[in-house]
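One structure is given here, and the rest of the page talks about it.
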């Protein structure tokens, strides 16, 4: 009966949209709120706080509901009253209120896009959207409480956030390589920091630029420098910067981005590549350590993917020592990502909508 009813009307999709503090986490899925097939779908958005930049979404969806002042119970009642076919969390595991809502199961089918971690551990979430690179077939899946739905090449879509002015690689003027990491410093373990230390040891003129919120005070910077010194870093060649500098301001000073581990980067990796800056990543065994791998596989940048710590060091040294390769990548990476599945919005939206239809048919 449900299938017969759905055949006569549009499918209702609800999205849990995070507040302005977490607005960046929906960046990879924003096209779902803009380019969806209006003949087949109705889109309802439940937003935990209004954001000026969300105006482009608000004007194009069927219902836009601010639930920031709602209790969990009231928000659940509203969503249940809307009689959705599918409820999708876009917060990327960064939003406790949305998890509480999902726990009440206000929609018959609930889906999450994978965020920084592997599983929600919520039995009320039916599916997780991922891709064949982050979670390949045959890999151990028993730590998931949800069913995995692989969206083929990629489970996100990158769009350029602002106009980007090309710049020359700094090594041409400096005469030395500058590595950089603009991710959360808390993502990096001591073991992985020792890998970075080894790279700097073997390249005696190279420098490392690190940006993180934790470098916001002199005391915290002193503590980090002590940690780096203890791990064997040439600390005089390491620069610590806090959030008074934007990523946009710092990219012109970086030749090669060092991806973090065990949690790899996402948006910063795509933006660096779009600016022509290669990103070196170590492929992990679980989703949290394979997002960088997925991004680089989608643009066929195999020379920047390492399968072991020793290979990570080796590839960093090879890339840093090949000025011709760096110049070539700097010139060609923007076009490579532009033509990849990562920035193919119509294909991404179509694949997600096909998934919705397939899941609905299983009801």
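The values are calculated or read from the model by the stated rules, or taken from the named source; none is laboratory data. Predicted model only: the values in this text are computed from it and were never measured. Quick reminder, even Gly has a Cβ in these numbers, built from the backbone with ideal geometry, and neighbours come from all protein chains shown.
Quick check: is even one residue across the stretch 196-217 under 26 Å from the mean Cα position of the chain (by Cα), under 23 Å from residue 280 (Cα atoms) and in a loop (DSSP other than H, G, I, E, B)?
yes
Matching residues to (1) surrounded by fewer than 19 Cβ atoms within 10 Å (Cβ to Cβ); (2) modelled with pLDDT under 90; (3) touching a strand residue (DSSP E or B) at 6+ places or on another chain (Cβ under 9 Å); (4) part of a loop (DSSP other than H, G, I, E, B):
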position	(1), (2), (3), (4)
65	yes, no, yes, no
69	yes, no, no, yes
108	yes, no, yes, yes
120	no, yes, yes, yes
123	yes, no, no, yes
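Output the residues belonging to the stretch 37-63 that are assigned to a loop (DSSP other than H, G, I, E, B) and either on the phi < 0 side of the Ramachandran plot or at pLDDT 95 or above (or both).
At the first step, the residues of the stretch 37-63 found to be assigned to a loop (DSSP other than H, G, I, E, B) are 37-40, 48-51, 59-62.
Across the stretch 37-63, the qualifying residues are 37, 38, 39, 40, 48, 50, 51, 59, 60, 61, 62.
Residue 322: without any contact (Cβ under 8 Å) to a residue 24 or more places away in the chain and under 17 Å from residue 257 (Cβ atoms), yes or no? Lay out the reasoning, then the answer.
Numbers: without any contact (Cβ under 8 Å) to a residue 24 or more places away in the chain: yes; under 17 Å from residue 257 (Cβ atoms): yes.
So residue 322 passes the test.
Between 328, 312, which is at pLDDT 95 or above and surrounded by fewer than 15 Cβ atoms within 10 Å (Cβ to Cβ)? Break it down into steps so the answer makes sense when it comes.
Details: 312 fails: surrounded by fewer than 15 Cβ atoms within 10 Å (Cβ to Cβ).
Unique residue meeting the criteria: 328.
Any chance the stretch 241-256 includes a residue that's part of a loop (DSSP other than H, G, I, E, B) and within 17 Å of residue 186 (Cα to Cα)? Give the derivation first.
Residues of the stretch 241-256 that are part of a loop (DSSP other than H, G, I, E, B), as a first pass: 242-246, 254-255.
Going one step further and asking which of them are within 17 Å of residue 186 (Cα to Cα), we end up with 242-243.
Within the stretch 241-256, one or more residues are part of a loop (DSSP other than H, G, I, E, B) and within 17 Å of residue 186 (Cα to Cα).
Look through 74, 3, 12 and report the one residue that is at pLDDT below 90 and not in a loop (DSSP other than H, G, I, E, B). Quick ask: steps written out before the conclusion?
Numbers: 74 fails: at pLDDT below 90; 12 fails: at pLDDT below 90.
Matching residue, one of 74, 3, 12: 3.
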